[in-house]
Amino acid sequence: MQRGKSAMRIPEACRCLAILSILASSAIALADGPGLGKPADPELIRRMDLTILPDGKDLPPGRGSVKEGKAVYEAKCLACHGVDGRGDPMDRLTGGVGSLTLDKPLKTVNSYWPYATTVFDYIRRAMPLPTPQTLTADEVYGLTAYILSIDGVVKPDAVMDARTLPKVKMPNSAGFVNWQATSRR
């Protein structure tokens, strides 16, 4: 009888040792990573790092005028955003300035967005919808200038670049918490 009980304990102990061995080797393997993929290429990281903050610090070189932006808009944006950014079939970009206190405010780029640099960021990152990130920096500066000019946020002869774009005062800039003041806390 005594032998039978001991014989049963050895396989259980072996099973426990086997499980512990597997767990230990898995932990060692995972310490170096799962072995999937490859290190990110620094050039790929640079191309994906598109974020433009409100201060415009990382705006790329380039420039674009309202006139140049209108030509790009008509060629690449009109089909989705309609004449002068009035929408149809996609989102409306313009109009609504001063409407945010009304019962039915019209939230558009020009009426709602607090920073012109984020308009640039969004266009460069996400537009045009079927082929995002295909616009040049000059085209994005021009498009931003054109869209802002429709509601008089910038003058019709405005030229946007890394120096001028962060200086644009959006109609609803006071409607948001200042990102710089909150980041210093």
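Where a number appears in this text, it was derived from the coordinates with a stated rule and is not lab data. Here the structure is a predicted model, which is why all the values come from computation and not from measurement. Note: ideal-geometry Cβ built from the backbone for every residue, glycine included; neighbour counts use all protein chains shown.
Phi-derived couplings, Karplus 6.51 cos²θ - 1.76 cosθ + 1.60 at θ = phi - 60°, listed residue by residue for segment 45-61: 4, 4, 5, 8, 7, 9, 4, 10, 7, x, 6, x, 3, 9, 4, x, x Hz, with x used for Gly and Pro. Take the cross-link list LYS107/LYS169; LYS107/LYS167; LYS107/LYS155; LYS57/LYS155; LYS76/LYS107; LYS70/LYS104 and give me the ones stretching past 27 Å between alpha-carbons. Long pairs (Cα-Cα over 27 Å): LYS70/LYS104. Our Cα-only numbers for segment 99-166 put the radius of gyration and Dmax at 12.8, 39 Å. Residues TYR122, TYR112, TYR146, ranked from the fewest to the most other C-beta atoms within 10 Å, line up as TYR122, TYR112, TYR146. Under 5 Å between amide hydrogens, built in the peptide plane, is the criterion, and for LEU53 it picks out ASP58 among residues at least 5 positions away or on other chains. Normalised by 2.2 N^0.38 Å, where N is the number of residues, the C-alpha radius of gyration of segment 44-185 stands at 1.02. Here the spin labels are modelled as points 7 Å beyond Cα on the Cα-Cβ line, and at MET90 and THR51 they lie 2.4 nm apart.
Tell me which trypsin sites (Lys or Arg not before Pro) from segment 139-179 have a DSSP coil assignment and no more than 12 other beta carbons within 10 Å of their own. For trypsin sites (Lys or Arg not before Pro) across segment 139-179 that sit outside H, G, I, E and B with at most 12 neighbouring Cβ atoms in 10 Å, the list reads ARG163.
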